[in-house]
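Since the structure comes first, as structure tokens, the remarks are kept for the end.
The values are calculated or read from the model by the stated rules, or taken from the named source; none is laboratory data. The shown structure was predicted, so the numbers you read here are calculated from the model rather than taken from an experiment. Glycine also receives a Cβ, built like all others from the backbone with ideal geometry; neighbour counts cover every protein chain displayed.
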Amino acid sequence: MFEKEGTVKKEKALKHYNKGLSFYEVGEFDKALKEYIKAIQINPNYAEAWFNKGIIFSDMGEFLEALECYETALEINPNYTDALVNRGFELRRLGKCSEALECYENVLEVKPDYVEVWINKGVALVDMGKLNEALECYETALKIKPNDSGALLNKGFIFCKMGKLSDALELYDMVLKINPDIIKAWVNKAMVLGSMSKFQEALECYDKAIEINPYQVDIWFNKGTILQNMGDLDGALESYEKALEINPDDAELWLNKGMIFGRMIKLNEALECFENALNIKPNYAEAWYKKACIYDMMGKFPEALECCDMTLGINPNHAEAWVNRGMIFDMMDKHSEALECYEKALEINPKYAEAWAKKGETLEDMDKLHEALECCKKALDINPHHAQAWYLEALIYSKKNDKKNVLNCLSNAIEIDQSYIEKAKNDDDFKLLLEDVDFKYMEGEI
């Protein structure tokens, strides 16, 4: 009798389990989960139901709950290989890479030709920074299955990390020969080409990926970044807008859209984008900083200062915000406060050329010429192409009546940026220089 009752229970549990499978196949995860729970309530030792319940939790991003399900399945059936594999997967996602590795090694002892596990082991090793060991895992997977797209993609990722970009491109091309519809291969190839400044080729790869799936936000985002690098601001704006149609709650997209408007000098539109980003993510330091920059451009210095303070309240090590704060104080003729800001920035990043140059400008305004000159030299040691630092040096040498150095520094500034010719002509500190034969020769009048 008990045996018959047990059989009936198992059959009832199986019905709910099969219903769960059907719901899962059509993407109705909530209904599938309810069916697996019913199956488990009827038969608590139903390892497959626990396993499938874990898969749904994993799909929902509930990694701890998924892990508990796989562990329960393994308590019921210690030889449940797939549950052990998935346990390793969740442990890695939870940052427990050493424990994940143990799971994968246990599986590989039983199934040494399990390609997916070799790949998963490689991913865990990458997370641990063990690139060479990870590479060995992917190569082992490829010996078992030479055309495995996952192993090829992951091996390409390792080559990228190692700076072997051409080798990575070869692997991504291999994947695309096997299956031209693998979006990740197009995206990875585009990212490599972008890092090599081959923007047009990268753009073509993103377009291929968009043909396959036009609803993937990160592809539109990356395409926008490439177009921005190419100077096509309208195209970049269109890409970010496409991405925002898919996900209007992405703060980073609003930030990037605002930055495009900033470059277009459409300041009100930029401000609106940064405010949208902050409505979504109030502690977004970069959005507060960009908002400060727009207020700067509008000449609204108190508002800019407030935004800088918000940035630094969230991230006290935001060197650019310290420099911006210093520039605002300079605009308000508060040079001592400005100097403190530049020094803060330089504590965070001693190689920040712009901070040295701005500190030099402030010291020059305070007639501390020797100290200002030292700051210019520091900026130019870091970045010899910093036109404003060369121009500032010329200005300081002009105050010292050192014509030779004035002309030399001014020549360097103009070589980098031609706009400094007109700037020098309109600068009172260079009045005596305007009629000088050497200056006229330098600006091309002779």
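A few comments on the model shown:
- The helices (runs of 4 or more DSSP H) falling completely within segment 267-357 that include 2 or more residues that are of a type in the set (Ser, Thr, Tyr) and out of contact with any Ser or Thr (no Cβ under 6 Å at 6 or more places or on another chain) map to 335-348.
- Single match in 222, 256, 213 (criterion: farther than 19 Å from residue 286 by Cα and free of Cβ contacts under 8 Å to residues at least 40 places away in the same chain): 213
- Only a single item in (1) of a type in the set (S, T, N, Q); (2) within 30 Å of the chain's Cα centre (by Cα); (3) not in a helix (DSSP H, G or I) is not met by residue 58, and it is number (3).
- Here is the figure for segment 360-412: residues that are in a helix (DSSP H, G or I), over 38 Å from the mean Cα position of the chain (by Cα) and among the basic types (Lys, Arg) total 3.
- Any hit, segment 90-111, residues being out of contact with any His (no Cβ under 7 Å at 6 or more places or on another chain), among the small types (Gly, Ala, Ser) and over 30 Å from residue 159 (Cα atoms): no
- Filter pass, residue 82 being within 17 Å of residue 111 (Cβ to Cβ), surrounded by fewer than 18 Cβ atoms within 10 Å (Cβ to Cβ), of a type outside the set (Gly, Ala, Ser) and touching a residue at least 12 places away in the same chain (Cβ under 8 Å): yes
- Within segment 21-51, tally of residues that are within 20 Å of residue 70 (Cβ to Cβ), more than 38 Å from the chain's Cα centre (by Cα) and in a helix (DSSP H, G or I): 10
- Test: residue in segment 287-297 that is surrounded by fewer than 19 Cβ atoms within 10 Å (Cβ to Cβ) and either aliphatic (A, V, I, L, M) or within 27 Å of residue 191 (Cα to Cα) (or both): yes
- With respect to the conditions (1) under 23 Å from the mean Cα position of the chain (by Cα); (2) acidic (Asp, Glu); (3) at pLDDT below 95, residue 320 falls short on a single one, namely (3).
- Filtered by the rule that a residue be surrounded by fewer than 18 Cβ atoms within 10 Å (Cβ to Cβ) and either touching a Lys or Arg at 6+ places or on another chain (Cβ under 7 Å) or among the charged types (D, E, K, R) (or both), segment 101-114 gives 102, 105, 109, 111, 113.
- Residue satisfying condition, being polar (S, T, N, Q) and either in contact with a strand residue (DSSP E or B) (Cβ under 6 Å, 6 or more places away or on another chain) or within 26 Å of residue 368 (Cβ to Cβ) (or both), within set 283, 317, 324, 276: 324
- Residues of segment 340-355 satisfying the condition of being crowded, with 20+ Cβ neighbours inside 10 Å and closer than 20 Å to residue 391 by Cα: 342, 352, 354, 355
- Contact annotation: residue pairs with Cβ atoms under 7 Å, 6 or more positions apart or on different chains, pairing a residue in segment 157-179 that is free of Cβ contacts under 8 Å to residues at least 60 places away in the same chain with a partner that is basic (Lys, Arg), are 169/189; 171/155; 172/189.
- Every pair of residues 6+ apart whose Cβ atoms lie under 6 Å, when the first sits in segment 9-29 and is under 15 Å from residue 40 (Cβ atoms) while the second is among the acidic types (Asp, Glu) and surrounded by 14 or more Cβ atoms within 10 Å (Cβ to Cβ): 16/35; 19/35; 20/35
- Taken together, the criteria place residue 197 among residues that are at positive phi and either of a type outside the set (A, V, I, L, M, F, W, C) or free of Cβ contacts under 8 Å to residues at least 12 places away in the same chain (or both).
- When segment 356-370 is filtered for residues that are surrounded by 15 or more Cβ atoms within 10 Å (Cβ to Cβ) and either aliphatic (A, V, I, L, M) or closer than 21 Å to residue 324 by Cα (or both), the ones remaining, listed by number, are 356, 357, 358, 359, 360, 361, 362, 363, 364, 369.
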